[in-house]
Amino acid sequence: MKPLKALKGHIKNLAHFELHILLTQEDEVVVARCLDFSVSSHGNDEKEALASLSESLKDYLKYAIEKEAFNEIIDSDEQRFWEIYRKLEWQKERISFQKMAKSLKKENIRELAYA
């Protein structure tokens, strides 16, 4: 399994409910996992895997609504997937900070404001 991306998504009309999506390369396919619900799907590329995951999540949530099984649907994925997700997120933050630091150095910023 090769980690590819850590993404954040949401359910349309529930923008405040954040979903944590992990993309990995496994054998010949891209696997998309929603870590919040332990739902996964796959495709030949990232776009296809995410589209398939979206359909799987719709079915999963529709079933939960029909069966009034709201207490059972939150089933976070294995800790190892969360650790991979957090590592990818941290790498994105580090790259973002490095770009900001280069900009600060270039602009020769001497004053700081505190919020």
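The values are calculated or read from the model by the stated rules, or taken from the named source; none is laboratory data. As the structure is a prediction and not an experimental result, all values here were calculated from the model. Cβ placement follows ideal geometry from the backbone for every residue including glycine, while neighbour counts extend to all protein chains displayed.
Suppose we keep only residues that are polar (S, T, N, Q) and at positive phi within the stretch 1-45. Which one would you say is farthest from the chain's Cα centre (by Cα)?
Applying the filter and picking the extreme gives 13.
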Being part of a helix (DSSP H, G or I) and either surrounded by 10 or more Cβ atoms within 10 Å (Cβ to Cβ) or at pLDDT below 70 (or both) is true for just one of 112, 61. Which residue is that? 61
State yes or no: is residue 69 among the small types (Gly, Ala, Ser), more than 19 Å from residue 6 (Cβ to Cβ) and exposed (fewer than 15 other Cβ atoms within 10 Å of the Cβ)? yes
By residue number, the members of the stretch 1-40 that are surrounded by fewer than 18 Cβ atoms within 10 Å (Cβ to Cβ), not in a strand (DSSP E or B) and not basic (Lys, Arg) are 1, 13, 27, 28, 38
Within the stretch 8-33, which residues are in contact (Cβ under 8 Å) with a residue 40 or more places away in the chain and closer than 15 Å to residue 81 by Cβ? 20, 22, 24, 33
Please count how many residues of the stretch 56-72 are more than 22 Å from residue 31 (Cα to Cα) and of a type in the set (A, V, I, L, M). 3
